[in-house]
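Asker: Sharing a structure, written as structure tokens. Questions coming.
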Amino acid sequence: MTEPAESSIDATRQENIARILESAERLFRHYGYSKTNVADIARDLEMSPANIYRFFASKTEIHQALCDRMLAASYQQADEISRLPLSASERLRRYVHGQHQMTVETMLDEQKVHEMVVVAIERDWHVIQKHIDRIDKLLAGIIREGIEAGEFAEQDPEIAARCFGASIVTLCHPQIVAQCLAKENRPTPDELIEFAVRALKK
């Protein structure tokens, strides 16, 4: 098979995968993850379930791909903030605010999307772990720059990144955010962020 032909087949495959994911996300958002099956997605695309299975082995695999795409958007936002010409402290503040806002707007305002995320977290999928590792690495980079600039105390940036992430998890974890939003005896996002940033300076 010639290279152009192989390229054409690959492009067609990617197009079909994109169509399946778009349909699945639309149906998951409208009906909910648990109430949507592969047959529904196939019907929406006017194709047979067997055709869906050529690209994804199961509904779970489709869900994993969608979750990966959502987390990629979250990482892209964090990566863009990490590159801003600002102090390390300010970049960390903007990162947490951005993640919190994304969690509230994307995952909680749309209850069906929240269901998708909760299922993914409960199953401890590799896409979630991969995202956490990438975010930890990004945060370590910001903290390392803060240490080099004399903004933060001397410390292991990798350990500091993991601890920083753990300290603000209530602002980024969908289930915890949902539980804490209306509670008056919880710290505000600004209070928690300032506490976490100050801890890096001691």
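Here's the yes/no breakdown for (1) in a loop (DSSP other than H, G, I, E, B); (2) open to solvent by less than 90 Å² (accessible area, probe 1.4 Å); (3) modelled with pLDDT of 95 or more:
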residue	(1), (2), (3)
GLN129	no, yes, no
ALA140	no, yes, yes
ALA153	yes, yes, yes
ARG162	no, no, yes
GLY165	no, yes, no
GLN175	no, yes, no
GLU184	yes, no, no
PRO187	yes, yes, no
VAL197	no, yes, yes
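Asker: Collect the residues in the stretch 8-31 that are of a type in the set (Ser, Thr, Tyr) and either in contact (Cβ under 8 Å) with a residue 60 or more places away in the chain or surrounded by 15 or more Cβ atoms within 10 Å (Cβ to Cβ) (or both), keeping them in residue-number order. Steps first, answer last, please.
Answerer: Going residue by residue through the stretch 8-31, those that are of a type in the set (Ser, Thr, Tyr) are 8, 12, 23, 31.
Correct list: SER23, TYR31.
Asker: Further question: Within the stretch 55-70, restricting attention to residues that are surrounded by 13 or more Cβ atoms within 10 Å (Cβ to Cβ) and over 19 Å from the mean Cα position of the chain (by Cα), which residue is farthest from GLU15 (Cα to Cα)?
Answerer: LYS59
Asker: Got a sec? Which of LEU66, LEU84, LEU21 is assigned to a helix (DSSP H, G or I), of a type outside the set (Gly, Ala, Ser) and under 30 Å from SER167 (Cβ atoms)?
Answerer: On the way: LEU84 fails: assigned to a helix (DSSP H, G or I); LEU21 fails: under 30 Å from SER167 (Cβ atoms).
The conditions single out LEU66.
Asker: Only one residue in ALA42, ALA50 is open to solvent by 50 Å² or more (accessible area, probe 1.4 Å), over 30 Å from SER89 (Cβ atoms) and assigned to a helix (DSSP H, G or I), so which one is that? Walk me through it before giving the result.
Answerer: On the way: ALA42 fails: open to solvent by 50 Å² or more (accessible area, probe 1.4 Å).
Unique residue meeting the criteria: ALA50.
Asker: With the structure loaded, tell me whether ALA120 is modelled with pLDDT of 90 or more, surrounded by 17 or more Cβ atoms within 10 Å (Cβ to Cβ) and out of contact with any strand residue (DSSP E or B) (no Cβ under 6 Å at 6 or more places or on another chain) or whether it fails that test. Show your work before the answer.
Answerer: Working: modelled with pLDDT of 90 or more: no; surrounded by 17 or more Cβ atoms within 10 Å (Cβ to Cβ): yes; out of contact with any strand residue (DSSP E or B) (no Cβ under 6 Å at 6 or more places or on another chain): yes.
No; evaluated as a whole, the condition is false for this residue.
The values are calculated or read from the model by the stated rules, or taken from the named source; none is laboratory data. On a predicted model such as this, the values are computed, not experimentally measured, just so you know. Neighbour counts run over all protein chains shown; Cβ positions are idealised from the backbone, glycine included. Keep in mind that these areas ignore ligands, DNA and RNA; they rest on the heavy atoms of the full protein, side chains included. Shrake-Rupley method; radii C 1.70, N 1.55, O 1.52, S 1.80 Å.
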